[in-house]
Amino acid sequence: MSEGIKTILAEDNNVRLDRYIRRIFPNLKQSAIEKSLRKGLIKVDNCTAKSSDRVSSGQTIMIRYLDYIENTNSDCKYNEKLVNLLRENILYEDEYILAINKPAGVIVQGGIKVKISISDLLDQIREREIFKIVHRLDRDTSGVIIFARNASVAKYLMEEFKGRRIKKTYLALTFGIPSKDNGTIDYPLVKKYISGQEKVVVDEDSPQNATTHFLIIARLKHNVAYLKLQPITGRTHQLRAHLAHINCPILGDGKYGGKKAFIDGVANQIHLHSYSLSLKLPNNKEVTITAPIPKHIEKSIEALSFD
């Protein structure tokens, strides 16, 4: 992919950036423009910008990887398939939020090498709406994820997540059973490059504290535990790194568990599911949103249960 740079000199004042771009490239869809702005492929005066920003006469609009943007713009079939999948998995919606049961394997927000992600389709789930991302799930983690219907709700929810007022519950199958029926994993986590791969690891000297509560739901065959997990903090890969650190890696998680994370006869998928979110909406209404357990985890529980 060539890194051709298209430079445009703005000639108008107070026109929305996305509309100005569409004047020059009338065939570009809004979703392609939004995606390119988020990835920093379109900049104004060499600074990141939003679609709603207003251009001023004399500003320079720089567009990188125009061939990539145009290719993204024309990739409609996969977009439609994923949009339909997201619509089919809506769990809850009201005037403030939309909640989806994210299938495993679907990316919430990706980089330039990612073909398509949910973030690229937030203007297509509901007509004339563009939802806002307020939190994320790993690509291979299934379950509840919520989106805000407008910027003010997004700001409110991000503060709720930051203030740890939103209760998150996950379900997982692990190879290895914790020594106690319930307890707390409380180890600081940091990102490090290990053998050329970025991983999150425990570092006792790090100020980045991370806390996870766990409860054993069931002890299964082959030294497998069925766990309920409640992360208090929201560090990247927190559950995966914490469980691997106590020698109970999540089934299917080769990145953190290596070979021991795989068992014959069990799907080679990560067995981690965002089961529920409990939160207070801006109108003080309390809601709990739950997502049904995915089939691969259900089948594994059945296969590993004692007769």
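Residue-level check: of (1) open to solvent by 40 Å² or more (accessible area, probe 1.4 Å); (2) in contact (Cβ under 8 Å) with a residue 12 or more places away in the chain, Pro231 misses just (1). Within region 141-159, restricting attention to residues that are polar (S, T, N, Q) and under 30 Å from Gly254 (Cβ atoms), which residue is surrounded by the fewest Cβ atoms within 10 Å (Cβ to Cβ)? So the residue we want is Thr141. Summed over region 23-44, residues that are in a helix (DSSP H, G or I), in contact (Cβ under 8 Å) with a residue 40 or more places away in the chain and open to solvent by 60 Å² or more (accessible area, probe 1.4 Å) total 1. Quick check: is even one residue across region 281-299 of a type in the set (Gly, Ala, Ser), modelled with pLDDT under 95 and surrounded by 14 or more Cβ atoms within 10 Å (Cβ to Cβ)? So far as region 281-299 goes, no, none of its residues is of a type in the set (Gly, Ala, Ser), modelled with pLDDT under 95 and surrounded by 14 or more Cβ atoms within 10 Å (Cβ to Cβ). Within region 191-202, restricting attention to residues that are of a type outside the set (Lys, Arg) and modelled with pLDDT of 85 or more, the residue that is farthest from the chain's Cα centre (by Cα) is Val202. Within the bounds of region 24-44, is there any residue that is in contact with a helix residue (DSSP H, G or I) (Cβ under 9 Å, 6 or more places away or on another chain), of a type in the set (S, T, N, Q) and at pLDDT 85 or above? Taking every residue of region 24-44 in turn, none turns out to be in contact with a helix residue (DSSP H, G or I) (Cβ under 9 Å, 6 or more places away or on another chain), of a type in the set (S, T, N, Q) and at pLDDT 85 or above. Every condition in (1) at pLDDT below 75; (2) at negative phi; (3) surrounded by 14 or more Cβ atoms within 10 Å (Cβ to Cβ) holds for Tyr65 except the one numbered (2).
Set side by side, the residues Asp186, Asp181, Asp205 differ, and just one is modelled with pLDDT under 95 and open to solvent by 80 Å² or more (accessible area, probe 1.4 Å), which is Asp205.
Taking the listed residues Phe161, Phe147, the one that is part of a helix (DSSP H, G or I) and either under 18 Å from the mean Cα position of the chain (by Cα) or within 28 Å of His213 (Cα to Cα) (or both) is Phe161, with no other qualifying. For region 250-274, the set of residues classified as touching a residue at least 12 places away in the same chain (Cβ under 8 Å), charged (D, E, K, R) and surrounded by fewer than 18 Cβ atoms within 10 Å (Cβ to Cβ) consists of Lys260 only.
When the residues of region 1-22 are filtered to those that are among the hydroxyl-bearing types (Ser, Thr, Tyr) and surrounded by fewer than 18 Cβ atoms within 10 Å (Cβ to Cβ), which remaining residue is farthest from Glu80 (Cα to Cα)? Even if it seems obvious, please write down each step before you answer.
If we filter region 1-22 for residues that are among the hydroxyl-bearing types (Ser, Thr, Tyr), which is where we start, we get 2, 7, 20.
If we keep only those that are surrounded by fewer than 18 Cβ atoms within 10 Å (Cβ to Cβ) too, we end up with 2, 7.
Numbers: Ser2: 27, Thr7: 31 Å.
Ranking the qualifying residues of region 1-22, first place goes to Thr7.
With respect to Asp138, determine if the residue is surrounded by 18 or more Cβ atoms within 10 Å (Cβ to Cβ), modelled with pLDDT under 95 and under 30 Å from Arg219 (Cβ atoms). Here the answer is yes, as Asp138 does meet what is asked.
The values are calculated or read from the model by the stated rules, or taken from the named source; none is laboratory data. Since this is a predicted model, take the numbers as computed values, not measurements. Don't worry about glycine lacking a Cβ; one is built from the backbone with ideal geometry, like all the others, and counts go over all protein chains shown. SASA here: full protein model, heavy atoms, side chains in, ligands and nucleic acids out. Shrake-Rupley method; radii C 1.70, N 1.55, O 1.52, S 1.80 Å.
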